[in-house]
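Bear in mind that the values in this text are calculations on the coordinates, not laboratory data. Owing to the predicted nature of the structure, the values given are computational and were not obtained by experimental measurement. No Cβ is skipped: glycine too gets one built from the backbone with ideal geometry, and neighbour counts run over all protein chains shown.
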Amino acid sequence: MRALICRQWGGVDELTVGDAPVPEPAPGEVLIRVKATAVNYADSIMVAGRYQTKPPLPFSPGLETAGVVAACGREVSTLKPGDRVMALLTYGGLAEFAVAPATETYVIPHGMSFAEAGAFPIAYISSHVAIRWQGRLEAGETLLVLGAAGGVGLAAVEIGKAMGAHVIAAASTPEKLAAAVEHGADATIDYSTDQLTDRVMALTEGRGADVCFDPVGGSLFDAALSSLGWGGRILLVGFVAGVPQIPANRLLVKHRAALGSSLRYFRWHAPEKLRGSVDELFRWYGEGRLKPCVTHRLPLEQSAEAIRLLTERRAHGKVVVELEPS
């Protein structure tokens, strides 16, 4: 099969497309003929050897995928060959075939394209897990979303609205903020020109945000923490701008909480809640509340460029590699 191959730890430009053996599904796994796989910022970290886990070399990156079940391993009873599915992967999505645990493989909702499905698992499930189970967002509360035009950011905006929150989208350009408004944001902040804390306080009449969804980190974290009201919760879901230092005294005084959320580990420790997240997301999709945003579609041969679109911040929404364009 054709696959994007990482042969040594390094930069995205060192990845090559070549031949690789078709993987065999182990007991409890399914083999998926891949139609579309979204790239994620974590792919660049993984091929550099700096991710939470290191696959054995050589390997194909790709943390999610969508396609058709080609074969089922022993002990799989919930899926069958021919099913249209999306899946969470440990790696391997940027190839013509990928294996996934049956428990983390989901039948694609009616009306969803393969491109949308390939862009759905990481953005939507990770955002829902963070906001629903860690942030405990309630209807009527204010959700501040940083990096609101990225894949997870736009998903967080839509999820916040579906949960009945007032959503403030923050991003670095007017074009990115316009995308967030298209996906339901009630108010916007351009943090390249506005002071984040001051704008949040103005938009909330001095109360501050109840929950902040932060996939950015870095220097923006300090202002985001100050933007929280009493009892506010900041959700740490990524560090594309660097890992922030958390001042514990500022958590104590305002009764705030800083909470991490990693889908990779959540799905192993709380599978029942994971299933609940997927069911609620699929219901919202069926009701037209979620509209996955795929802004770029590239062939497998341009996978490295697809990843660069993210790392160089030249794209909003999701970037998808299509193995068989729909």
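Structure above, values below:
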{"quantity": "Amide H partners (placed H, <5 Å) of Ile108, local residues excluded", "calculated": "Arg84, Val85, Met86"}
{"quantity": "Compactness index (Cα Rg / 2.2 N^0.38 Å), the chain", "calculated": "0.98"}
{"quantity": "Within-12-Å neighbourhood charge of Glu96 [Cβ basis; K, R +1; D, E -1]", "calculated": "0"}
{"quantity": "Distance from segment 264-318 to segment 116-177 (C-alpha centre basis), Å", "calculated": "12 Å"}
{"quantity": "Distance between modelled label sites at Glu280 and Val253, nm, 7 Å Cα→Cβ extension", "calculated": "3.3 nm"}
{"quantity": "Compactness index (Cα Rg / 2.2 N^0.38 Å), segment 199-326", "calculated": "1.31"}
{"quantity": "Whichever lysines have a C-alpha closer than 16 Å to that of Lys318, once near sequence neighbours (fewer than 8 apart) are set aside", "calculated": "Lys35, Lys176, Lys291"}
{"quantity": "³J(HN,Hα) computed for each position of segment 36-50 - Karplus, 6.51 cos²θ - 1.76 cosθ + 1.60, integer Hz, glycine/proline x", "calculated": "7, 9, 7, 8, 9, 4, 4, 4, 5, 5, 5, 6, 7, x, 10"}
{"quantity": "Share of Cα-Cα pairs in segment 126-261 lying beyond 28 Å, as whole percent", "calculated": "5 percent"}
{"quantity": "Principal semi-axes in Å for segment 1-128 [√(5λ), Cα gyration tensor, largest first]", "calculated": "23, 16, 13"}
{"quantity": "Listed residues Val107, Val34, Val167, most fluctuating in the chain (Gaussian network, C-alpha, under 10 Å)", "calculated": "Val107"}
{"quantity": "Ellipticity estimate at 222 nm from DSSP helix runs (n ≥ 4, -39,500 (n - 2.57)) divided over the chain, nearest 500", "calculated": "-7500 deg cm²/dmol"}
{"quantity": "5 angstrom amide H check on Val294, placed H, neighbours 5+ away", "calculated": "Lys318"}
{"quantity": "From phi via Karplus (6.51, -1.76, 1.60), per-residue ³J(HN,Hα) for segment 252-268 in Hz, x at Gly/Pro", "calculated": "5, 4, 9, 6, 8, 9, 10, 10, x, 8, 10, 4, 3, 8, 4, 5, 8"}
